[in-house]
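What follows draws every value from the coordinates through simple rules; no lab data is involved. In this text the structure is predicted, and so the values were computed from the model without any measurement. Glycine gets a Cβ as well: all are built from the backbone with ideal geometry, and neighbour counts include every protein chain shown.
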Amino acid sequence: MPAPGNKKTIIGKIKYTNAWPIFHYFEPSTLHEPASMVSEVPSYLNQGMSDGSIDIGALSSFAYGLLSEQLLLLPELSVSADGPVKSILLFSREPLDSMGNGTIALTNTSATSVNLLKILMSKALGAHPTYLTTEPDLEIMMSNADAALLIGDNAIKASWEEHGYYVTDLGAWWKEWTGHSMTFAVWAVNRDTAQRKPEAIVEIVDAFQTSKARSLANLQPIVEEACSTIGGTTEYWERYFSNLCYDFGERQYEGLRLYFRYAYELGLVQHKVHMEVWDHNMLIQVKE
């Protein structure tokens, strides 16, 4: 029987296009220690990081907040936007300021965007709508609600359709209201895994960083893959990927800290989120 430290490392990959640059050149088979990758929607990855079945990888920022006591953030890796994100979209029959306390259908595939919407509706608008959680299908969602929140590729495809709805980009709304960047996904490692497999984690983090750098140096292969897989034009995907930020520095940290503060104030998280970042010497504590 293999020693516990030699157990295969399970890596979580967000299947949405917005995370592709960090994963495009990442190959678990090239790592020195055994590893495999699970490609899924954020809600699945969030659960895996929670129950320990996934050791390291991407998850929604909100899920990290819930699990911050058992996870460490990985440095300089995120999916963030300093303004419009173009794939976190609220579709509504009326303009936002006319919605009042209607019904909003929420996607069941992510937690960060759902709770960002709740923060914005409550804090920015003073509105308290009824929320329904459904499968991410715009037509079905709008048959039961006044507005619908879609994320990722579902939101992108819906934004290309002629449906006549008002479309609100949550990244743009957050930036307009707070002046801050918004981080939608982070990369993290379970503390237990980091302690048991420090060398493996160093190699995985370096591989993520290398993939990100190679992808951003030449987006064309990712753009072509998006066109063939999702549809749309080369111009659309070039703008889409160039608009996103894949770093996690001070600006992203400050925006995410504000997000967690509001989430705590609204009771969306039950504890104040204290962010800690892993580094090659194990971990450092981010200064408050």
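For the chain, the longest principal axis of the Cα atoms and the long axis of helix 42-51 meet at an angle of about 40 degrees. Extent of the chain along its three principal axes (Cα atoms, max minus min coordinate, largest first): 59, 43, 35 Å. Taken over the stretch 88-178, the alpha-carbon convex hull comes to 84 cubic angstrom per residue. Please find, in a Gaussian network model of the chain (springs between Cα atoms separated by less than 10 Å), the residue of 255, 267, 179 whose mean-square fluctuation is greatest. Result for the chain, Cα springs under 10 Å: 267 fluctuates most. Between residue 157 and residue 124, take the C-beta separation as r, use R0 = 35 Å, and let me know the FRET efficiency to the nearest 0.05. My answer for the efficiency is 0.85.
If you wrap the Cα atoms of the stretch 1-72 in a convex hull and average its projected area over all directions, you get 5.4 nm².
Could you list log10 I(q)/I(0) for the stretch 41-198 at q = 0.09, 0.11, 0.12, 0.16 Å⁻¹, which the Debye formula gives when each Cα is one point scatterer? Values, matching the q order: -0.31, -0.45, -0.53, -0.88. A Gaussian network model of the chain, with springs between Cα atoms under 10 Å, assigns the largest mean-square fluctuation among 217, 226, 194 to 217.
Residue separation of residue 144 and residue 176 scaled by 0.36 nm, minus their Cα-Cα distance, works out to 8.6 nm of gained length. Multiply the residue separation of residue 257 and residue 70 by 0.36 nm, subtract the distance between their alpha-carbon atoms, and state the gained length in nm to one decimal. Going from the current span to full extension adds 65.6 nm.
Among 101-107, 145-151, sorting by the average number of other beta carbon atoms lying within 10 angstrom of each residue, highest first, gives 145-151, 101-107. Spin-label pair residue 224-residue 108: with each label point 7 Å from Cα along the Cα-Cβ axis, the two points sit 3.8 nm from one another. For the stretch 138-288, the calculated P(r) over all alpha carbon pairs, in 10 Å bins from 0 to the bin holding the longest distance, is 8, 26, 33, 25, 7, 0 percent. The helix-only estimate of mean residue ellipticity at 222 nm for the chain, built from DSSP H runs of length n ≥ 4 each weighted as -39500 (n - 2.57), is -11500 deg cm²/dmol after division by the residue total.
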